[in-house]
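The values are calculated or read from the model by the stated rules, or taken from the named source; none is laboratory data. Keep in mind that what you see is a predicted model, and the values were worked out from it rather than measured. Every residue, glycine among them, receives a Cβ derived from its backbone with ideal geometry; neighbour counts consider all protein chains shown. For the accessible areas, the whole protein counts, side chains as well, though only heavy atoms, and no ligand, DNA or RNA atoms are used. Shrake-Rupley method; radii C 1.70, N 1.55, O 1.52, S 1.80 Å.
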Amino acid sequence: MKILITGHRGFIGSGLWNRLFLLEDIQGIDLKDGNDILTAELPEVDLVVHLAAKAGVRESVKDPKLYWETNVEGTKRILEHYKDTRVLVASSSSVYEPHLNPYSATKFITESIPHSNCCFMRFHTVYNESARTGMFFDKLFKGEVKYITEHERDFIHLEDMLDALQQIIYNPNVKGTFDIGTGRTIKMSDICPDLPIKTDTPRERQKTQADTSFLELKCNWKAKRLVTEFLKEHSEVIRNYNNG
């Protein structure tokens with residue numbers, strides 16, 4: 001297959017690229033290379049995995065226009081150009097409460113863009129030991145977490161996310177809108193119980209928890225890795241960073 005991955009140099013995109021580049025004819029578009037999805041030339045391919053987006057709740061409040069242009073207008077351009085091609089679009093668990101912040105709103109609106117052969121994949125919080133800069137696990141491993149919240153989060157390991165993406169890519173009958181997560185939650189305060197708790201977080205969801213039934217039925221896929229086990233495996237490293 002000829003596959004286009006937008007955002008192929010990002011946290012998830014680079015992992016998917018590394019998995020597929022020996023198997024398929026892969027092309028990529030990424031802002032890090034100076035290629036904006038709003039203006040870049042779009043190659044003819046058999047499948048598109050659209051991961052390019054502006055992420056982050058707090059940053060979206062500062063610049064909602066940029067989030068609209070990238071997440072909504074950029075995705076609209078991709079879906080309109082590839083109207084006869086299967087497209088897998090990265091959505092977000094935040095769409096369940098789109099009123100909370102501009103990022104959530106853009107992902108919610110994106111899911112309403114019409115396309116006859118599209119998946120809107122609602123990613124839950126993806127992590128590993130080298131998570132995207134600024135994300136919770138990135139700060140945790142760098143000893144930069146200053147406070148914790150009372151939120152509950154469904155954390156899915158990057159390798160499980162990539163397993164799911166591969167299952168979806170090679171199963172052309174998978175269409176529609178669905179969650180990708182573990183179906184389990186962990187309280188943020190249980191990860192760093194000694195840190196002060198911040199309660200004033202009105203723009204963030206209190207709890208995220210994936211409904212995994214769709215992918216279990218369609219792809220026989222289920223996440224294998226638990227964040228609690230991951231934290232135990234890396235507890236010494238995390239402790240040393242946070243005590244150093």
Does the range 185-199 contain any residue that is within 20 Å of Met135 (Cβ to Cβ), assigned to a loop (DSSP other than H, G, I, E, B), free of Cβ contacts under 8 Å to residues at least 40 places away in the same chain and open to solvent by less than 80 Å² (accessible area, probe 1.4 Å)?
-> yes
Inside the range 210-244, the number of residues satisfying the requirement of being under 20 Å from Asp154 (Cβ atoms), touching a residue at least 60 places away in the same chain (Cβ under 8 Å) and in a loop (DSSP other than H, G, I, E, B) is 5
Condition check for Ser94: touching a Lys or Arg at 6+ places or on another chain (Cβ under 9 Å), within 30 Å of Leu231 (Cβ to Cβ) and either of a type in the set (S, T, N, Q) or surrounded by 19 or more Cβ atoms within 10 Å (Cβ to Cβ) (or both) | yes
Do you know which residues across the range 43-66 are farther than 27 Å from His157 by Cβ and buried (at least 17 other Cβ atoms within 10 Å of the Cβ)?
-> Val45
So which of Glu144, Glu150, Glu159, Glu69 is modelled with pLDDT under 95, out of contact with any Ser or Thr (no Cβ under 8 Å at 6 or more places or on another chain) and open to solvent by 30 Å² or more (accessible area, probe 1.4 Å)?
-> Glu144
